[in-house]
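Structure record follows, encoded as structure tokens.
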Amino acid sequence: MRDPILIVGCARSGTSMTAGMINICGAFGGEMFGPHPNNQKGMFENKDLRTNVVKPYLEKIGADSRGQKPLPNNRQVFEVSQVEAKEWRKKVQDSMIRQGYSDGEWFYKCPKSAMIWYLWHCAFPEAKWVLVRRAHEDIINSCLKTRFLTAYQNKAGWQGWIDAHERRFMEMRMAGINLREFWPSRMIEGDYEYAQELVESLGLKWNGPMVRAFIDPTMFKD
């Protein structure tokens, strides 16, 4: 079984949109959460992995399973990841096989995975990572409008939350993992060649007509 494509980034950065594009272009995602008031085209996050693998782990280490507050203790994640990597890999692979995976590229989208990236890296050292990016001010404004994001009530609180993510992103870059950064705003503005480059770099086949039909620029305003 191949190592996955892992889609991460701050919540409200466009990770669902990016995952939807990657799914359209041929990557297997399993059974995923569908449309949501804040993700009207679908969340594209695997139900079983989120519910039975990622959230229980976050709760076990004393972190918020929603990825808001408190965030995982970075030192703790680093100390235990190599020990837990084999079991993590088996849980994830077994889940995807149960859901119908047989061959080819597969993905898991989860903003929270950036906060435990070292565990994922130890379990899947050949994974292809997609780090979804968005301007901080736009993320903050979206967080303040989104009902399920309740940890902070002001811009300063959400900026601190973003800063914690940025520290993890820097760690990922410095570790030299197979990381691609992607700004959905460029695709929203019509630069589909930029999106095509990402898709093909992941070993997938670009499906321009379906991607264009999927992308709704109005949905990226919040």
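A short reminder: the numbers here are calculations on the coordinates, not readings from a lab. Computed from a prediction, not measured in an experiment: that's the story for all the values here. All Cβ positions, glycine included, derive from the backbone under ideal geometry; neighbour counts span all protein chains shown.
Taking other Cβ within 10 Å of each residue's Cβ, how do F124, F33 sort, fewest first?
Starting with the residue having the fewest Cβ neighbours, the order is F33, F124.
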**Study point:** Among P209, V83, V130 the positive-end extreme of the charge dipole of the chain (Cβ point charges)
**Key:** V83
Review point. Taking H as built 1.01 Å from N, whose amide H comes closer than 5 Å to the amide H of I5, not counting residues under 5 places away?
Key: W106, F107, Y108, K128
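Arranged by the count of other C-beta atoms within 10 angstrom, fewest first, what order do R212, R168 take? The partial results should precede the final answer.
On the way: R212 12, R168 21.
Fewest-to-most ranking of R212, R168: R212, R168.
Using only helices, what value at 222 nm comes out for the chain when you add -39,500 (n - 2.57) per DSSP H run of length 4 or more and divide by the total residues, to the nearest 500 deg cm²/dmol?
Values: 9 runs with 101 residues, N = 222.
After summing the helix terms and dividing by residue count, I get -14000 deg cm²/dmol.
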Check your understanding: Which lysines have a Cα lying under 24 Å from the Cα of K205, excluding residues fewer than 8 positions away in the same chain?
Key -> K41, K109, K128
Practice item. Collect residues whose amide H, placed 1.01 Å from N in the peptide plane, falls under 5 Å from the amide H of V132; neighbours closer than 5 in sequence don't count. Key: V8, G9, F182
Check your understanding: So which lysines can K155 reach, going by Cα to Cα under 24 Å and dropping same-chain residues fewer than 8 places off?
Key -> K69, K112, K145, K221
Point to revise | Cα point-scatterer Debye curve for region 5-220, base-10 log of I(q)/I(0) at q = 0.09, 0.17 Å⁻¹ | key: -0.33, -1.31
Exercise for review: Return the long-range amide H neighbours of M32 (sequence gap of 5 or more, or a different chain), with a cut-off of under 5 Å between placed amide H atoms.
Suggested key: K47
Exercise for review: Determine ³J(HN,Hα), in whole Hz, for all residues of region 68-79 in sequence, where each value follows from phi through the Karplus function 6.51 cos²θ - 1.76 cosθ + 1.60 and θ = phi - 60°; x replaces Gly and Pro.
Suggested key: 10, 7, x, 7, x, 6, 4, 5, 4, 4, 5, 5
Exercise for review: Taking the Cβ of each residue in H165, H36 as the centre, tally the other Cβ atoms inside 10 Å and list the residues starting with the fewest.
Suggested key: H36, H165
Review point. Among all the aspartates and glutamates, which ones have a C-alpha under 12 Å from K55's C-alpha, if same-chain residues fewer than 8 places away are not counted?
Key: D64
Review point. In whole angstrom, how far apart do the alpha carbon centroids of region 147-170 and region 17-50 sit?
Key: 23 Å
